[in-house]
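Trainee: Got a structure here, written out as structure tokens. Questions coming.
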Amino acid sequence: MSLWEAMALVGTMATILGVFITIYGIINNRTLKAEAQGIREILLRMEQGQSEARREMAEAIERLGQLIVVEGERTREAVRAKP
């Protein structure tokens, strides 16, 4: 095999390898995009859940504050009622 035939063979193999790597890259890119979309959806649901939890916690704290005020008023009334 002459030098030129060897160079042609190496060039052909490099071209074929380049095609396979390109195809692999395209498939991998599509897979990664799909996975990224799934992760974005999960993160969005987590954020919505956290917002809901914060709202519920704020409502619970507000109700607790109201109960503390009511109990404080009852205590004051009980203290005033005792001679």
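Trainee: Using the Karplus equation 6.51 cos²θ - 1.76 cosθ + 1.60 (θ = phi - 60°), what ³J(HN,Hα) coupling, rounded to whole Hz, does each residue of region 25-35 give in order, writing x for Gly and Pro?
Mentor: Here the 3J(HN,Hα) series is x, 5, 5, 5, 4, 5, 4, 5, 5, 5, 5 Hz.
Trainee: Okay, moving on. I need the shape label for the chain. Rule: rounded when a/c is under 1.5, else prolate if a/b > b/c, else oblate, with a, b, c from the alpha carbon gyration tensor. Walk me through the numbers on the way to the answer.
Mentor: Working: a/c = 19.18, a/b = 8.00, b/c = 2.40.
Verdict is prolate for the chain.
Trainee: How long is the gain from Trp4 to Ile26 if the chain were fully straight, where each residue apart is worth 0.36 nm and the alpha carbon distance is subtracted? Mind showing how you got there, number by number?
Mentor: On the way: separation 22, 0.36 × 22 = 7.92 nm, distance 3.28 nm.
Contour length minus the Cα-Cα distance gives 4.6 nm.
Trainee: Per residue of the chain, what 222 nm ellipticity follows from adding -39500 (n - 2.57) for every DSSP H run with n ≥ 4, rounded to the nearest 500?
Mentor: On the way: 1 runs with 79 residues, N = 83.
-36500 deg cm²/dmol, from helical runs alone.
Trainee: Through the Karplus equation 6.51 cos²θ - 1.76 cosθ + 1.60, θ set to phi - 60°, convert the phi angles of region 4-15 into ³J(HN,Hα) values in whole Hz; use x for Gly and Pro.
Mentor: Using θ = phi - 60°, the values come out as 5, 5, 5, 5, 5, 5, 5, x, 5, 5, 5, 5 Hz.
Trainee: Related question: What spacing in nm lies between the two simple spin-label points modelled at Met46 and Thr15, each 7 Å away from Cα in the Cβ direction?
Mentor: For Met46 paired with Thr15, the spin-label model returns 4.8 nm.
Read the figures in this text as sums done on the coordinates, not as results from a lab. Predicted model only: the values in this text are computed from it and were never measured. Positions of Cβ are backbone-derived with ideal geometry, glycine not excepted, and every protein chain shown enters the neighbour counts.
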